[in-house]
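What follows is a single structure, written as structure tokens, with notes after it.
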Amino acid sequence: MNQVGILATLQARPGKEAEVEEFLRSAGPLVEAETGTTAWFAFRIGPATFGIFDTFQDEAGRNAHVNGEIAKALFAKADELFITHPEIKTVDIVVEKL
């Protein structure tokens, strides 16, 4: 069972919504290479609000993701694409169904 996760919310700059969506789509191959990431979802909450939710079996998997290529790419583009820095929350998973 997955024990931990990350929930990130992203607020796109006006006019950058399509670029944020494309950025998230382009992250797919990067997350596929992460053996410790068991599930990864990128989603849209509203016209300019996006989110990412990922799960991991343990803290080591989560730490590898936080220090991995997706996180580096996200923060490298943060000033260009987002109104504020991504809001990132770590979560403990209580129950899951995959």
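Values as computed for the structure displayed
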quantity: Restricting region 61-98 to residues that are touching a residue at least 24 places away in the same chain (Cβ under 8 Å) and assigned to a loop (DSSP other than H, G, I, E, B), the residue that is surrounded by the most Cβ atoms within 10 Å (Cβ to Cβ); calculated: P86
quantity: Complete set of residues in region 14-30 that are in a loop (DSSP other than H, G, I, E, B) and either under 18 Å from T84 (Cα atoms) or at pLDDT 95 or above (or both); calculated: P14, G15, K16
quantity: D92 being of a type in the set (D, E) and in contact with a Phe, Trp or Tyr (Cβ under 6 Å, 6 or more places away or on another chain); calculated: no
quantity: Some residue of region 31-51 being part of a helix (DSSP H, G or I) and either farther than 29 Å from V94 by Cβ or of a type in the set (K, R) (or both); calculated: no
quantity: Candidate set: region 19-31, residues that are touching a strand residue (DSSP E or B) at 6+ places or on another chain (Cβ under 9 Å) and surrounded by fewer than 16 Cβ atoms within 10 Å (Cβ to Cβ); chosen: the one nearest to N67 (Cα to Cα); calculated: G28
quantity: Answer residue from region 34-50, given it is under 20 Å from G15 (Cβ atoms) and touching a residue at least 40 places away in the same chain (Cβ under 8 Å) and is surrounded by the fewest Cβ atoms within 10 Å (Cβ to Cβ) among those; calculated: T49
quantity: Which listed residue, of V31, V20, is over 22 Å from V4 (Cα atoms) and β-branched (V, I, T); calculated: V20
quantity: Some residue of region 52-60 being touching a helix residue (DSSP H, G or I) at 6+ places or on another chain (Cβ under 8 Å), within 13 Å of A8 (Cα to Cα) and either without any contact (Cβ under 8 Å) to a residue 60 or more places away in the chain or surrounded by 19 or more Cβ atoms within 10 Å (Cβ to Cβ) (or both); calculated: yes
quantity: So G5, is it surrounded by 16 or more Cβ atoms within 10 Å (Cβ to Cβ), within 28 Å of V95 (Cα to Cα) and in contact (Cβ under 8 Å) with a residue 40 or more places away in the chain; calculated: yes
quantity: Candidates K97, K77 - the one that is farther than 24 Å from N2 by Cα and over 11 Å from the mean Cα position of the chain (by Cα); calculated: K77
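The values are calculated or read from the model by the stated rules, or taken from the named source; none is laboratory data. Note that the coordinates shown come from a computational prediction; the quantities given were computed from them, not determined experimentally. Neighbour counts are summed over all protein chains in view; Cβ atoms, including those assigned to glycine, are modelled from backbone coordinates with ideal geometry.
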